[in-house]
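Undergrad: Here you go, one structure.
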Amino acid sequence: MNASDVLIETLINWGVEHVFGLPGDGINGIMEALRTRQDKVKFVQVRHEEAAAFAACGYAKTTGRLGVCLATSGPGAIHLLNGLYDAKMDGQPVLAITGMQFSDLIGTHTQQDVEVDKLFIDVAHYNERVMNAAHMENVAEMACRVSRAYRCVTHITVPVDVQEQELSDADRSKRNKAHHVSNAFATSAREPRQEDLRRAAEVLNAGKKIAILAGRGALDATDELEHVAELLGAPIIKALLGKAAVPDHSPYTTGPIGLLGSKPSQEAMSDCDTLFMIGSSFPYIEYMPKPGQARGVQIDMDPTRISLRYPMEVGIVGDSKKSLQALIPHLKRNEDRGFLKKAQEGMKDWWEWMDRLGTSTSMPMKPQVVAHELGKRLRDDAIVTCYSGTIATWWARHIPARRGQIHTLSGNLATMAPGLPYAIGAQVAYPDRQVVAFVGDGGFSMLMADFVTAVKYKLPIKVVIIKNNYLGQIKWEQMVFLGNPEFAVDLHPIDFAAFAHACGGVGYHAEKPQEIGGMMDEFLKAPGPALFEAVVDPNTAPLPGKIKAEQALHFAESIARGEKDPLDIIKEAFKDKARELV
């Protein structure tokens, strides 16, 4: 048994069933170990290493299990970084394995001589260069354990010659006893302290206008969140990674917050006297209450995240579900339902407005129509992937999360491109579930070659592309944040439907609202990988739920300074936001 065999056997022992990657001469030894164990672990070949890292992250996000990606030395390893930072910043357990050049040539300007362990020092919580086959046994176990235990990125890099070194030939130190490690794994119960529960209850019971902000850490606490919301008369505001924490049509939620959030969410944040953060470190502090406005209680698994975004009075370190279960007996019913009722009335108006936008028949077709029609047709077991940009606005507002569904996107890194590889990772993990990538044309085109990966492995993923031939988010940021006319954000059109056919999949093309429903039905029923290209109005702005005076001023400045198509932009913006002008 050589070092590569030890590595792959360790992955198998840790329950790894899939490795995403691209072969190269810097990892031939590892590839051979995978080839001889195809019955136990599947290698999923992608077309770009960045997609491998994103797929591993998507796999981890949708399963909670360890995602693994593999890349060769030098450029292949470098390509992993964006996907690994996505995993790091969203707290996902991902192990990256890379090759290095021959151990006695490292640092001598040989071909592809990149010291990958030094390169990965920031992204990986655990990051080691394997010295010999005897070292591999310890390092591989540690990398899997650390990634699982801390939900973080770990990295192993293995020189080419070490990969094929026989375990019996390795110079084992006298302190390194063979087989002194195992895959025995224990998870912490993270039970909250009784004193913290008592203090938290005192703060929450004293509140009259309590707002709950729930994030990714509360995804498995749906029932508990709604129970607490009912007791406290508190609306549940959701950070993007917490979209599926409670169903979007729950009577307790006001949906998303932030630039792409709802107006009721922003009003609840602005008016609350108590903030209860659960499993979230939502980074946009400008959308939170002003420090001193509200008392604060926070639940988080990571003690370093307590009071990171808002000056909390009480912090509870623990799992959200278990902590809420322990807290509920200490809570008293808030008899003043006015704050919750106001939020519910606001959401009734909000959903009516979303329905009007989603059923518009005007031309050019509005992106909200496509999201609206897709949302109505998703199965209860659907997994929906997305990423940053204007596409996230339509996903957050117009594709309601239902109980049992999984919704995810790049959260804290907010990167473009992971929607497709996330879907690949999710479909590999759940071959029988409906998996849909809801993406924009800019981000999809970055890694579009990996649509053929879905074709190769017969993964029945469905890709919906909102095509406006623009980097939409950047366009509107230039206008609304800076007051500048758009610049360098227009994209040359691509025929994505033809591309899907060229890859061996199925492609659909729609430009009219009347086409969407029937075509969407056919598209979702297609037996294999399919792509739905919807051409939409590039002048539909992802405007905030509640516009600030400064944003309106910048918008006007950009028009005055030479924004092209000013009349069309003004018409669309004022039509959509007219209700805030009265």
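Undergrad: Can you find, within the range 190-215, the residue that is modelled with the highest pLDDT among those that are under 32 Å from the mean Cα position of the chain (by Cα) and open to solvent by 50 Å² or more (accessible area, probe 1.4 Å)?
TA: Within the range 190-215, the match that is modelled with the highest pLDDT is Lys209.
Undergrad: Pairs, please: C-beta under 7 Å, at least 6 apart or cross-chain, first residue open to solvent by 60 Å² or more (accessible area, probe 1.4 Å) and in the range 113-138, second not hydrophobic (A, V, I, L, M, F, W, C)?
TA: Taking only residues 6 or more apart or on different chains, the pairs are Ile121/Asn127; His125/Tyr150; His125/Thr154; Glu128/Asp117.
Undergrad: Would you confirm whether or not the range 231-238 contains a residue that is charged (D, E, K, R), in contact with a strand residue (DSSP E or B) (Cβ under 7 Å, 6 or more places away or on another chain) and open to solvent by less than 20 Å² (accessible area, probe 1.4 Å)? Walk me through it before giving the result.
TA: Just the residues of the range 231-238 that are charged (D, E, K, R), to begin with: 238.
Subsequent filtering for residues that are in contact with a strand residue (DSSP E or B) (Cβ under 7 Å, 6 or more places away or on another chain) retains 238.
Then keep just the ones that are open to solvent by less than 20 Å² (accessible area, probe 1.4 Å); that gives 238.
Yes: one or more hits.
Undergrad: Would you please name the residue that is surrounded by the most Cβ atoms within 10 Å (Cβ to Cβ), looking only at residues in the range 271-298 that are in contact with a Gly (Cβ under 6 Å, 6 or more places away or on another chain) and assigned to a strand (DSSP E or B)?
TA: Top of the filtered list is Leu275.
Undergrad: Against the condition in contact with a strand residue (DSSP E or B) (Cβ under 9 Å, 6 or more places away or on another chain) and in a helix (DSSP H, G or I), how does Gln427 come out, does it pass?
TA: yes
Undergrad: Another question, if that's okay. Against the condition under 30 Å from Val19 (Cβ atoms), open to solvent by less than 10 Å² (accessible area, probe 1.4 Å) and outside any strand (DSSP E or B), how does Ala449 come out, does it pass?
TA: Answer is no for this residue.
Undergrad: Continuing with this model, one more query. Do you know which residues across the range 115-144 are closer than 22 Å to Asp171 by Cβ and in a helix (DSSP H, G or I)?
TA: Asp117, Ala133, Ala134, His135, Met136, Glu137, Asn138, Val139, Ala140, Glu141, Met142, Ala143
Undergrad: I would also like to ask the following. With respect to Ile383, is the statement that it is touching a Phe, Trp or Tyr at 6+ places or on another chain (Cβ under 8 Å), within 17 Å of Val536 (Cα to Cα) and of a type in the set (Val, Ile, Thr) true? So that I can check it myself, show each step before the final result.
TA: Working: touching a Phe, Trp or Tyr at 6+ places or on another chain (Cβ under 8 Å): yes; within 17 Å of Val536 (Cα to Cα): no; of a type in the set (Val, Ile, Thr): yes.
No: the conditions fail for Ile383.
Undergrad: Filter the range 430-446 down to the residues that are over 18 Å from the mean Cα position of the chain (by Cα) and in a loop (DSSP other than H, G, I, E, B) and list them by number.
TA: Across the range 430-446, the qualifying residues are Pro431, Asp432, Arg433.
Residue by residue, here is whether (1) of a type in the set (Val, Ile, Thr); (2) out of contact with any strand residue (DSSP E or B) (no Cβ under 7 Å at 6 or more places or on another chain); (3) closer than 30 Å to Ile465 by Cα holds:
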position: Gly318; (1), (2), (3): no, no, no
position: Lys321; (1), (2), (3): no, yes, no
position: His330; (1), (2), (3): no, yes, no
position: Leu357; (1), (2), (3): no, yes, yes
position: Thr361; (1), (2), (3): yes, yes, yes
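The values are calculated or read from the model by the stated rules, or taken from the named source; none is laboratory data. Keep in mind it's a predicted model, so treat the numbers as computed, not measured. Here the Cβ is made from the backbone with ideal geometry for all residues, glycine too, and neighbour counts use every protein chain on show. Just the protein is used for accessible areas: all its heavy atoms, side chains included, with ligands, DNA and RNA removed. Shrake-Rupley method; radii C 1.70, N 1.55, O 1.52, S 1.80 Å.
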